[in-house]
Amino acid sequence: MSRLKYVLLTLSFVSGLAISNCHAQGLVAPVNAENIRTDQVLGIPSRGCGHVINLLMRSRMLQEAGQVSFAGPMFNPHLGTVSKPGDLQLLCVNLIADACDTAGPIYQIQLQNNSEIPVGNFRISAVGACGQIQPFSPTAIITVPRIEAGAVLDLQIQLPLSCLSIYNPAGAAVEFDTLIVAIDSFDELIECNEVNNILILKRCEVTPPAAVETPVVEETTIDTTAPPATTTAPAPNGDLTAPSSPSSPMDSIDLDDLDLGEAEQTAVRLR
């Protein structure tokens, strides 16, 4: 067994014990916005983010080993052998509402299902950290019930209010300055790419979604009081300023070419 595989197996075992312990303590149960508000009112401490730390460590080791994607078949105890794993991709994170005195900030998360089948019942985690992530950094967790194959999904997640008072090594309570977002944060799905599930962002760089600009159609008004414009044909000598008479069907008749013989005879007989 190679050194890398041994390290990965060890980390998976240790993280599995840590996650099981967190489940036993009720620390990583999926929550929604209402649960977050209830926790803030009751003063319940932040949920643990050991699962996100584990995901970050695995992603770092995969990148160092150059094993970002998996092309071969994989085995899942619940699904059996899967010949073609799918992929979830975290596209972007935007700020919906900044933090205030009574609530943490709300973020919009956009992800895409780059798979041939719909997936669901996986979780997304957002962590607020001050420079370095800690096992109990303020964490929010939501559950995605379903996302269709090839679909893009927008979800909102709110950090707990405790992200505004994180104790740094000096013992001072400061606001978070780093946002970590992870989709499939408990590694419950089989994916061909595990690296595109995490984004580490500076808080000051997370901006609201770009507004869609609506094209402005200029209205044109027609002046009905002005007399209709008249066009003048150019004069025979090329002088465009010289006026010309309006054209008539009689202008095309050449009197010299008319045959007036019978007409003259009739005129003579009438006399």
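Can you tell me the accessible area per residue over the stretch 110-151, all protein chains present, probe 1.4 angstrom, in square angstrom? All intermediate terms of the calculation are to be shown ahead of the outcome.
On the way: 1800 Å² over 42 residues.
For the stretch 110-151, the solvent-accessible area averages 43 Å² per residue.
Long-range amide H contacts for GLU175: which residues qualify at under 5 Å (H placed 1.01 Å from N, peptide plane, sequence gap of 5 or more or a different chain)?
Amide H to amide H, under 5 Å and 5 or more residues apart or across chains, GLU175 pairs with ILE166.
With 10 Å bins from zero, work out the P(r) of the stretch 103-172 over every alpha carbon pair and list the percent per bin.
All Cα pairs considered, the percentages come to 18, 40, 25, 14, 3, 0.
Roughly how many percent of the accessible protein surface of the stretch 150-195 is carbon and sulfur, given a 1.4 Å probe and a whole-percent answer?
Numbers: 1040 of 1900 Å².
That share works out to 54 percent.
May I ask you to derive the FRET efficiency for SER165 and ILE117 from their Cβ-Cβ distance with R0 = 45 Å, giving the value to the nearest 0.05?
0.55
Any idea how far apart ILE96 and ARG60 come out in nm if each label point goes 7 Å out from Cα toward Cβ?
3.1
The values are calculated or read from the model by the stated rules, or taken from the named source; none is laboratory data. Note that the coordinates shown come from a computational prediction; the quantities given were computed from them, not determined experimentally. Here the Cβ is made from the backbone with ideal geometry for all residues, glycine too, and neighbour counts use every protein chain on show. With ligands, DNA and RNA removed, areas are computed over all heavy atoms of the protein, side chains included. Shrake-Rupley method; radii C 1.70, N 1.55, O 1.52, S 1.80 Å.
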